[in-house]
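The values are calculated or read from the model by the stated rules, or taken from the named source; none is laboratory data. It should be emphasised that the depicted structure is a prediction, and the values quoted were computed from it without experimental measurement. Every residue, glycine among them, receives a Cβ derived from its backbone with ideal geometry; neighbour counts consider all protein chains shown.
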Amino acid sequence: MTTVAACPACTVAPAAETVAQRGARPAPQVIHLSLPAIHCAGCIGSVERTLRAVPGVASARVNLSLKRATVEVDASIRADSLVAALKGAGHDAQELDGATLAAGDDDGIGRGLLIALGVSGFAMMNVMLLSVAVWSGAEAATRDFLHWVSATIALPSVAFAARPFFKSGWNALRAASLNMDVPISLAILLAAAMSLYETAAGGAHAYFDAALSLTFFLLLGRYLDHRTRVAARSAARELTALEAPKAVRLTGQQRETVTLDALAVGDLIHLAPGMRAPVDGVITDGMSDMDRAPLTGETIPVPAAPGTEVQAGEMNLTGALTLRITTVGEDTSLRRMAEMVATAERGKGRYASLADRAARIYAPGVHLLALIAFLGWMGATGDLRLALNIAVAVLIITCPCALGLAAPAVATAAAGSLFRRGVLLKDGTAMERLAEIDAVVFDKTGTLTTGTPRLASRHDPRTLSIAAGLAQGSAHPYARAIAASTDAPAPVSGIREVPGKGVEGMLNGITIRLGNAAWLGTEDKIGAATFLTIGDEAPLRLSFADDLRPGAADLVASFRAQGLTTYLLSGDGEDAVKAMGTALQFDHVAARITPEGKLNALNNLATAGHKVLMVGDGLNDTGALAAAHVSAAQGSGLDAARTASDIILLNGDLNALGRAVATARSARRRILENFAIAGVYNLIAVPIALAGFATPLIAALAMSASSITVSLNALRVK
Amino acid sequence: MQILIFLIPVSLALGALGVGAFLWAIRTRQFSDLEGDGARILLDKEPEDY
């Protein structure tokens, strides 16, 4: 799937095509719908009932956890009609691209880990019970018997459940490096082998329970880690699946909906009002206004006429257009942006997480310690069996059980709490990077503002009702703002859109017009306004404002209070940017910044040693988003922007981002605390093991106690 | 201590039963929609086709 932007509303019947691509299976076909607002049993019932009532629907099943519905339909049904039916019942729905979802739906690794976790958990419980008998004083034949039973349970369980560690450790060894899994595998294998030998020799100490509880606790950490990643990835994939880029190609008199790869330079495409341009082109026919906000940050739509160049990603607002394609594929401005993102990301390099860094120090240290213990005792007593026993005890006790849980447990708790507030972490290390920031760069249009204008000037009810009656006939953002400003639109008849100019209609035999200054014979230097004429009356000015998003002012204030330097970089005009910079008290403000300019600004900040959080939503931000230490994008922004960012704000409330920074910092603190807790347990237990006093009981106690303390500490993340 | 001859196999069988139930739950995707299944018991009538 290419990352070309297209609005979900303007794609035509992708469901039928998806199925056509999948092959010759005729019926039933499956449509996936995203239902972002469902939350209760009532919603499930009403959604499923509504969907089943649509003729042609074979079955419908809602998944409340994923906020998604899976509908089996016959070939006559399009997703649009299902969405319309749900809308009628009061549920917002959007179609999801089935192929994109299916690409990662089957989580085999996760289920494998869960099964291994279950097996090692049950085996651990049984062996622990048997071990209690040994610890409480079973002797001679009874003890040997209990050891043998433990061995029959433990050995196959370990062989099955600990495979993830063996595989990963073996891969690291083959690449001549050490990871956390090497000491883990070694400890598990040595513990099992040593215990088997001791059992056969009738010895007192067998570590079967330790081998199993190691496996269990570490698998738990591994599973949590995996689940956090998968949850983030599948949510990100769902956002991508919302947008399936398509174009309507004109060949002679024919119109056909094609995918973007089928287009060539010189092809004519049809661009209906409300659609985004899928490729770069020149207008050959039609008049309209283009919304360039996602590309440049300009809030005021630009008039378009034959000869005007259109870039991929621009939204056609008022009139139908025919475009001649000038560039496709590699050369589109969209691809050039993508290229910029790729370059910026290469420069960023790989971020080493706290757990990775801890493992790099820890793994060699553990091996060294065990080796010293073995050599020391070997040299002092010359008893191979005793020396090996002690070395194994050291390995088991120092085994990074708590370390394996320390970071994933915190990350899971924090990511879950952030997700409930509408903040999605796309990248595993995003949280740690977010905790390190010292500067924040904001984009303006669409990020701090809603990107949709609101009628700002005040008018009497009659004027409003006439304007609204007329505005109903247009998709222009200003018209929609006017239509939304009153409940009682006048019954205007014969509404006709004059592309690139405005709308006109009749009310009680009088011609009324709503449109730009030039069309209505007046002048306007300020901008962000439209004019209304009623019959021969003088034009009336209606002005608009781009509202701040909820929480924008609080967010900037809270960042300043946290001691972060705040920047506002916008592609919009000087006045609008200055006004917002003053209103929200930014430290630094710059207007008319090109995408390259933003990227350069970010790189300069990075060179100066700053760790920057970039918040954006548009194509003009993508380079900067990718170059930043960590980046956040609005979920309503363009696909390209979301692809380039680490964090996605799902519900438009900016305040959530401020709390996300606080959560990230608290999470980082908890991770470090967890490392300290694990360290303290080792500090106490290692000397005991080195001195040769470690018993299986002490190992079991130290391991369980530290793992449980670390998990409980992780839950304190707010 | 003769009792161990019975009790240990019994406890192992119970453990195996638990593992079996767990494997069944994973294989049949009982955990795919925890919230939804929790909410569904509040519905008056479970739809016929499931």
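What number goes with the only condition from (1) at the interface with chain B (Cβ under 10 Å from one of its Cβ atoms); (2) at pLDDT 85 or above that A:ASN171 does not pass?
The number of the failed condition is (1).
For the stretch A:443-461, enumerate the residues that are outside any strand (DSSP E or B) and of a type in the set (Lys, Arg). Working first, answer last.
First pass over the stretch A:443-461, keeping only residues outside any strand (DSSP E or B): A:443-448, A:456-461.
Result: A:LYS444, A:ARG458.
Could you list all residues from the stretch A:50-62 that are part of a strand (DSSP E or B) and either surrounded by fewer than 18 Cβ atoms within 10 Å (Cβ to Cβ) or more than 7 Å from chain B (Cβ to nearest Cβ) (or both)?
Step one: list which residues in the stretch A:50-62 are part of a strand (DSSP E or B), which gives A:57-62.
Across the stretch A:50-62, the qualifying residues are A:VAL57, A:ALA58, A:SER59, A:ALA60.
Could you check, for the stretch A:142-153, whether at least one of its residues is modelled with pLDDT of 80 or more, within 13 Å of chain B (Cβ to nearest Cβ), surrounded by fewer than 16 Cβ atoms within 10 Å (Cβ to Cβ) and touching a helix residue (DSSP H, G or I) at 6+ places or on another chain (Cβ under 7 Å)?
Yes, the stretch A:142-153 has at least one match.
Check whether at least one residue in the stretch A:367-387 is crowded, with 20+ Cβ neighbours inside 10 Å, at pLDDT below 85 and small (Gly, Ala, Ser), and report yes or no.
no
Are any residues in the stretch A:63-87 assigned to a helix (DSSP H, G or I) and in contact (Cβ under 8 Å) with a residue 60 or more places away in the chain, and if so, which ones? Lay out the reasoning, then the answer.
In the first step, residues of the stretch A:63-87 are kept if they are assigned to a helix (DSSP H, G or I); the result is A:79-87.
Residues satisfying the conditions are A:ALA79, A:ASP80.
Any residue at all in the stretch A:147-165 that's outside any helix (DSSP H, G or I), closer than 28 Å to A:ARG229 by Cβ and touching a residue at least 12 places away in the same chain (Cβ under 8 Å)?
Step one: list which residues in the stretch A:147-165 are outside any helix (DSSP H, G or I), which gives A:162.
So of that shortlist, the ones also closer than 28 Å to A:ARG229 by Cβ come out as A:162.
So of that shortlist, the ones also touching a residue at least 12 places away in the same chain (Cβ under 8 Å) come out as A:162.
Yes, that holds for at least one residue.
Take A:THR566 and tell me if it is surrounded by fewer than 24 Cβ atoms within 10 Å (Cβ to Cβ) and either modelled with pLDDT of 80 or more or assigned to a helix (DSSP H, G or I) (or both). Don't jump to the end; show me each part of the working.
Numbers: surrounded by fewer than 24 Cβ atoms within 10 Å (Cβ to Cβ): yes; either modelled with pLDDT of 80 or more or assigned to a helix (DSSP H, G or I) (or both): yes.
Spelling it out, A:THR566 is indeed surrounded by fewer than 24 Cβ atoms within 10 Å (Cβ to Cβ) and either modelled with pLDDT of 80 or more or assigned to a helix (DSSP H, G or I) (or both).
Looking at (1) at pLDDT below 80; (2) surrounded by fewer than 22 Cβ atoms within 10 Å (Cβ to Cβ); (3) in contact with a helix residue (DSSP H, G or I) (Cβ under 9 Å, 6 or more places away or on another chain), can you tell me which one A:LEU295 breaks?
Of the numbered conditions (1) at pLDDT below 80; (2) surrounded by fewer than 22 Cβ atoms within 10 Å (Cβ to Cβ); (3) in contact with a helix residue (DSSP H, G or I) (Cβ under 9 Å, 6 or more places away or on another chain), the odd one out for A:LEU295 is (2).
So is A:ALA656 touching a residue at least 60 places away in the same chain (Cβ under 8 Å), farther than 21 Å from A:GLY422 by Cα, among the hydrophobic types (A, V, I, L, M, F, W, C) and assigned to a helix (DSSP H, G or I) or not?
Values: touching a residue at least 60 places away in the same chain (Cβ under 8 Å): yes; farther than 21 Å from A:GLY422 by Cα: no; among the hydrophobic types (A, V, I, L, M, F, W, C): yes; assigned to a helix (DSSP H, G or I): yes.
Considered against the rule, which asks whether it is touching a residue at least 60 places away in the same chain (Cβ under 8 Å), farther than 21 Å from A:GLY422 by Cα, among the hydrophobic types (A, V, I, L, M, F, W, C) and assigned to a helix (DSSP H, G or I), A:ALA656 comes out as no.
Of the residues that make up the stretch A:67-87, is at least one surrounded by fewer than 23 Cβ atoms within 10 Å (Cβ to Cβ), within 17 Å of A:HIS39 (Cβ to Cβ), away from chain B (no Cβ under 14 Å) and not β-branched (Val, Ile, Thr)?
yes
Being small (Gly, Ala, Ser), under 27 Å from the mean Cα position of the chain (by Cα) and not in a helix (DSSP H, G or I) narrows it down to one of A:ALA667, A:ALA626, A:ALA632, A:ALA662, so name that one. Please lay out each step first, then the result.
Values: A:ALA667 fails: not in a helix (DSSP H, G or I); A:ALA626 fails: not in a helix (DSSP H, G or I); A:ALA662 fails: not in a helix (DSSP H, G or I).
Going through A:ALA667, A:ALA626, A:ALA632, A:ALA662 in turn, just one is small (Gly, Ala, Ser), under 27 Å from the mean Cα position of the chain (by Cα) and not in a helix (DSSP H, G or I): A:ALA632.
Identify, from the list B:ALA25, B:ALA13, the residue that is loosely packed, with under 11 Cβ neighbours inside 10 Å, at pLDDT 85 or above and part of a helix (DSSP H, G or I).
B:ALA13
Report whether or not A:ALA41 is under 30 Å from B:TRP24 (Cβ atoms), touching a Lys or Arg at 6+ places or on another chain (Cβ under 7 Å) and either at pLDDT 75 or above or surrounded by 20 or more Cβ atoms within 10 Å (Cβ to Cβ) (or both). Walk me through it before giving the result.
Working: under 30 Å from B:TRP24 (Cβ atoms): yes; touching a Lys or Arg at 6+ places or on another chain (Cβ under 7 Å): yes; either at pLDDT 75 or above or surrounded by 20 or more Cβ atoms within 10 Å (Cβ to Cβ) (or both): yes.
Taking the combined requirement at face value, the residue satisfies it.
Listed here are the residues, each with its yes/no results for (1) among the polar types (S, T, N, Q); (2) closer than 19 Å to A:SER288 by Cα; (3) surrounded by 12 or more Cβ atoms within 10 Å (Cβ to Cβ); (4) modelled with pLDDT under 80.
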residue: A:VAL492; (1), (2), (3), (4): no, no, yes, no
residue: A:GLU497; (1), (2), (3), (4): no, yes, yes, yes
residue: A:GLY500; (1), (2), (3), (4): no, yes, yes, yes
residue: A:MET506; (1), (2), (3), (4): no, no, yes, no
residue: A:ASP524; (1), (2), (3), (4): no, no, yes, yes
residue: A:ILE534; (1), (2), (3), (4): no, no, yes, no
residue: A:PRO539; (1), (2), (3), (4): no, no, yes, no
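Within the stretch A:611-618, can one find any residue that is buried (at least 18 other Cβ atoms within 10 Å of the Cβ), outside any loop (DSSP other than H, G, I, E, B) and more than 24 Å from the chain's Cα centre (by Cα)? Outline the logic, then answer.
Going through the stretch A:611-618, the residues buried (at least 18 other Cβ atoms within 10 Å of the Cβ) turn out to be A:612-618.
Applying the additional criterion that residues be outside any loop (DSSP other than H, G, I, E, B) yields A:612-616.
Right, trim to more than 24 Å from the chain's Cα centre (by Cα) and you get none.
No, the conditions are met nowhere in the stretch A:611-618.
Considering only residues that are over 30 Å from A:VAL47 (Cβ atoms) and more than 9 Å from chain A (Cβ to nearest Cβ), which ones fall in the stretch B:15-43? Before the answer, list the steps.
Step one: of the stretch B:15-43, the residues over 30 Å from A:VAL47 (Cβ atoms) are B:15-23.
The answer is B:LEU17, B:GLY20, B:ALA21.
From (1) of a type outside the set (Asp, Glu); (2) under 30 Å from A:MET614 (Cβ atoms); (3) surrounded by fewer than 16 Cβ atoms within 10 Å (Cβ to Cβ), pick out the condition that doesn't hold for A:LEU657.
(3)
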